[in-house]
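Notes follow once the structure below has been shown.
The values are calculated or read from the model by the stated rules, or taken from the named source; none is laboratory data. What you see is a predicted model, and the numbers here were worked out from it, not measured in a lab. Neighbour counts are summed over all protein chains in view; Cβ atoms, including those assigned to glycine, are modelled from backbone coordinates with ideal geometry. These area figures cover heavy atoms from the full protein model, side chains too; ligands, DNA and RNA do not enter into them. Shrake-Rupley method; radii C 1.70, N 1.55, O 1.52, S 1.80 Å.
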Amino acid sequence: MCGILGTVPATAYESFKDSLDTLTHRGPDSFGIESIESFVSLGHRRLSILDISKNGHQPMQTDDKRYSVVFNGEIYNFLEIKKELLDLGHHFKSTSDTEVLLKSYIQWGEKSVLKFNGMWAIAIWDNHKKELFLSRDRYGKKPLFYAFIEGKFIFASEMKAIYPYFKNIEVSEDFDWMKKNIFFYEATDKCLIKGIKRFPAGYSGTLKEGKLTTYRYWNTLDHLVEVPKTYEEQVERFRELFMDACKLRMRADVTIGTALSGGLDSSATISAMAHLAKNNNSYSKDWQHAFVASFPGTPLDESHYAKMVTDNLGMKSTFIDIEPLEHWGKLEEYFYLFEDLYITSPLPMIMLYGAVKKNGVTVTLDGHGADEMLSGYQQGTLESLWDARFSPKKIKDILAIYQGSENEDTTQYNKTSNFKLLSEFMLKKSAKKLLGHKMPSKDQDHPNFKKLDNHAQYLYAMFHENILPTLLRNYDRYAMINSVEIRMPFMDHRIVSFMNSLPYSSKLGDGYTKRIVRDALDPYMPKEVTWRKSKIGFSSPIVDWMQNELKEWFLDNVSSRAFLESDLVENTNDLKNKITQIVRKENNSFIDAQKCWTEFSPYIWENAVLKRKIS
């Protein structure tokens with residue numbers, strides 16, 4: 001995990017290093033710069049994880065100097081690929097995955113990325129062909145940005161490394177659309193800064209003679225698999241895949257741990273790690289480190305569930321009380337590092353991974369991706385009603401998911417409300433089907449998309465095109481601001497293909513979402529966690545903060561001349577009134593407070609990014 005930067009043609013060393021150093025947080029351990037004649041400059045900030053010796057240094061070149069690579073990410077199955085390359089006659093000087101990646105490219109060319117199980121943003125310069133190969137992992141776990149500025153092509157892990165090449169930093173012409181569609185712009189090439197584009201996930205490309213040509217090398221719909229016929233066999237197959245995904249991601253030459261919420265996904269991850277270690281199937285021996293964000297006295301506190309998990313595993317946890325005033329003075333700096341907009345403050349997540357790093361852990365295995373793949377927050381659950389429309393029993397089973405989902409003490413659910421919910425949904429869905437309505441996906445015309453059931457179509461779009469890409473971006477920033485790498489077993493491409501090939505009834509059933517995960521991991525987890533229905537997202541207790549610790553901060557800012565004259569906030573006086581109502585406890589709605597933050601955050605972003613550069 002690192003930060004990369006490159007320019008074609010080459011850039012003078014000092015100015016190039018200044019740009020590269022904006023990525024120091026991504027790679028604090030060392031840096032490297034190579035300029036190949038006047039053709040290209042490649043830079044790398046290293047966070048040492050595999051082969052932490054100098055042998056893993058980047059940019060890495062072949063002996064004949066033909067190929068040079070900079071790489072951000074991890075290839076988890078590098079040992080298996082390395083064995084294949086050794087059998088083909090290749091030799092290695094290091095134990096790093098970077099050298100395996102480079103030799104793979106030499107052996108198999110652009111198709112080498114199909115062999116990789118991992119996350120990556122890759123740039124390889126071929127000095128014979130005078131061309132640059134770029135690739136980004138299947139789902140966009142690792143960021144990659146680029147720009148053409150006055151005849152120079154620049155690529156980087158974060159936008160801030162590209163800023164110095166502009167004469168002026170300007171807001172994108174799409175800014176208004178993006179701030180209103182926070183969950184939709186990450187899967188496009190649109191960026192908040194004018195002139196910068198996002199390299200798409202699942203794509204590779206070549207820059208030659210000043211022209212960038214890209215193509216899609218991965219589409220999950222092209223990689224659907226035949227699943228076992230019985231549900232019991234499906235559970236066993238998922239368990240095998242998940243255990244292997246965790247095993248591969250436990251490969252590291254540094255201390256690893258997990259960010260544990262007490263929810264199903266993070267608990268499943270650390271429980272699988274413990275099972276692997278118990279059976280001597282773990283590459284790492286130093287993994288027993290769980291970090292829990294705690295919000296004492298607020299509805300967002302799940303620490304008691306996390307403690308159940310670690311008690312069950314016989315290990316200690318580190319609880320981090322999220323106190324906003326402790327870091328609020330760094331908010332603009334965090335926005336500069338974060339670079340983008342989101343619906344909640346980044347503070348709790350940044351503080352959590354800051355504590356991870358302070359406690360000597362560099363890599364975490366976390367549970368991201370499962371919610372969007374399996375209706376974790378019940379998103380898309382109603383869509384399965386259309387799939388079950390001819391089976392009253394299955395319809396009842398789906399509606400039972402809502403029983404107790406908000407309050408675990410609930411013993412009954414309102415049958416009238418559920419009947420109304422069902423009736424309204426089926427009427428709307430029937431009308432849409434009759435009118436030829438299609439699911440909102442850019443891949444909706446793909447033959448295999450049409451083979452997915454209604455529920456799977458909905459989740460496909462959420463996973464690949466809106467919610468998850470945004471969250472992947474966020475967690476890359478939260479962790480890398482603190483020089484921590486996050487690995488995500490649920491995001492293993494084999495699991496994604498498997499889950500997208502399953503029928504809705506394997507994902508929803510017996511009154512639960514994530515049915516297959518619960519059944520597969522139940523033997524390793526506390527029952528209170530496995531079969532828990534309440535679900536709390538990792539967010540900021542924004543109402544509590546606005547009405548208590550941050551009351552004066554919000555009132556001072558919304559009353560300031562700078563805020564009221566901000567070009568990036570619409571209806572500043574109206575927003576001032578809304579925020580004041582919450583601060584004065586005239587409105588206690590979490591949803592309204594979150595909307596206020598979403599509308600207010602462009603003002604902080606403006607100060608952190610635009611005015612920082614102008615000054």
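A compact table of results
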{"item": "Segment 215-254, residues that are over 22 Å from Met491 (Cβ atoms) and either of a type in the set (Ser, Thr, Tyr) or in contact with a Cys (Cβ under 7 Å, 6 or more places away or on another chain) (or both)", "result": "Tyr215, Thr230, Tyr231"}
{"item": "Residue in segment 202-225 that is most open to solvent (accessible area, probe 1.4 Å), counting only those that are β-branched (Val, Ile, Thr) and under 17 Å from Lys442 (Cβ atoms)", "result": "Thr214"}
{"item": "Spans of helices (runs of 4 or more DSSP H) in segment 12-126 with at least 1 residues touching a residue at least 60 places away in the same chain (Cβ under 8 Å) and in contact with a Phe, Trp or Tyr (Cβ under 8 Å, 6 or more places away or on another chain)", "result": "13-20"}
{"item": "Among (1) in contact with a helix residue (DSSP H, G or I) (Cβ under 8 Å, 6 or more places away or on another chain); (2) open to solvent by 40 Å² or more (accessible area, probe 1.4 Å) - the single one Ser345 does not satisfy", "result": "(2)"}
{"item": "Number of positions in segment 222-266 that are out of contact with any Ser or Thr (no Cβ under 8 Å at 6 or more places or on another chain), closer than 26 Å to Gln378 by Cα and modelled with pLDDT of 95 or more", "result": "16"}
{"item": "Options Gly89, Gly3: the member that is at pLDDT 95 or above and surrounded by 17 or more Cβ atoms within 10 Å (Cβ to Cβ)", "result": "Gly3"}
{"item": "When residues of segment 321-332 are limited to those that are in contact (Cβ under 8 Å) with a residue 12 or more places away in the chain and open to solvent by 20 Å² or more (accessible area, probe 1.4 Å), the one farthest from Pro526 (Cα to Cα)", "result": "Glu332"}
{"item": "Extreme residue, farthest from Ser497 (Cα to Cα), among residues of segment 127-150 that are open to solvent by less than 10 Å² (accessible area, probe 1.4 Å) and in a strand (DSSP E or B)", "result": "Ala147"}
{"item": "Unique match (being within 26 Å of Glu570 (Cβ to Cβ) and buried (at least 23 other Cβ atoms within 10 Å of the Cβ)) among Glu186, Glu173", "result": "Glu186"}
{"item": "Long-range neighbours under 9 Å by Cβ, at least six apart or interchain, first residue under 30 Å from Asp453 (Cα atoms) and among the aromatic types (Phe, Trp, Tyr) within segment 357-382, second assigned to a loop (DSSP other than H, G, I, E, B) and open to solvent by 20 Å² or more (accessible area, probe 1.4 Å)", "result": "Tyr377/Lys535; Tyr377/Gly537"}
{"item": "Cβ-Cβ under 8 Å pairs, at least 6 apart or on other chains, segment 392-408 side farther than 12 Å from Thr513 by Cβ and open to solvent by 60 Å² or more (accessible area, probe 1.4 Å), far side modelled with pLDDT of 60 or more and of a type in the set (Gly, Ala, Ser)", "result": "Lys394/Ala388; Lys394/Ser505; Glu406/Ser534; Asn407/Ser534; Glu408/Ser534"}
{"item": "Scan of segment 58-95 for residues that are within 22 Å of Ala156 (Cβ to Cβ) and out of contact with any Cys (no Cβ under 9 Å at 6 or more places or on another chain), ordered by number", "result": "Pro59, Met60, Gln61, Tyr67, Ser68, Val69, Glu74, Ile75"}
{"item": "Complete set of residues in segment 434-448 that are part of a helix (DSSP H, G or I) and modelled with pLDDT of 55 or more", "result": "Pro447, Asn448"}
{"item": "Selection status of Gly354, open to solvent by 20 Å² or more (accessible area, probe 1.4 Å), out of contact with any helix residue (DSSP H, G or I) (no Cβ under 7 Å at 6 or more places or on another chain), modelled with pLDDT of 95 or more and not β-branched (Val, Ile, Thr)", "result": "no"}
{"item": "Tyr215 in contact (Cβ under 8 Å) with a residue 12 or more places away in the chain and touching a Phe, Trp or Tyr at 6+ places or on another chain (Cβ under 8 Å)", "result": "yes"}
{"item": "Only listed residue being of a type outside the set (Phe, Trp, Tyr) and more than 24 Å from Tyr342 (Cβ to Cβ), chosen from Ser559, Ser566", "result": "Ser559"}
{"item": "Filter result (touching a helix residue (DSSP H, G or I) at 6+ places or on another chain (Cβ under 9 Å) and open to solvent by 10 Å² or more (accessible area, probe 1.4 Å)) within segment 301-320", "result": "Tyr305, Met308, Asn312, Leu313, Gly314, Met315, Lys316, Ser317, Thr318, Phe319, Ile320"}
{"item": "Selection count, segment 262-293, where residues are under 13 Å from Val309 (Cα atoms) and open to solvent by less than 50 Å² (accessible area, probe 1.4 Å)", "result": "16"}
{"item": "Residue check for Lys595: open to solvent by 20 Å² or more (accessible area, probe 1.4 Å), under 14 Å from Ile542 (Cα atoms) and either hydrophobic (A, V, I, L, M, F, W, C) or not in a helix (DSSP H, G or I) (or both)", "result": "no"}
{"item": "Residue match in segment 153-160 (condition: farther than 27 Å from Tyr342 by Cβ and open to solvent by 40 Å² or more (accessible area, probe 1.4 Å))", "result": "no"}
{"item": "Residue within segment 12-26 that is at positive phi and of a type outside the set (Lys, Arg) present", "result": "no"}
{"item": "Hey, Lys307 under 30 Å from Glu606 (Cα atoms), of a type in the set (D, E, K, R) and in a helix (DSSP H, G or I) or not", "result": "no"}
{"item": "Test: residue in segment 361-379 that is open to solvent by less than 10 Å² (accessible area, probe 1.4 Å), assigned to a strand (DSSP E or B), among the hydroxyl-bearing types (Ser, Thr, Tyr) and in contact with a Ser or Thr (Cβ under 9 Å, 6 or more places away or on another chain)", "result": "yes"}
{"item": "Qualifying residue in segment 449-463 (condition: modelled with pLDDT of 90 or more, assigned to a loop (DSSP other than H, G, I, E, B) and closer than 24 Å to Pro143 by Cβ)", "result": "no"}
{"item": "Yes/no for Thr258 being in contact (Cβ under 8 Å) with a residue 40 or more places away in the chain, assigned to a helix (DSSP H, G or I) and either open to solvent by 50 Å² or more (accessible area, probe 1.4 Å) or touching a strand residue (DSSP E or B) at 6+ places or on another chain (Cβ under 9 Å) (or both)", "result": "no"}
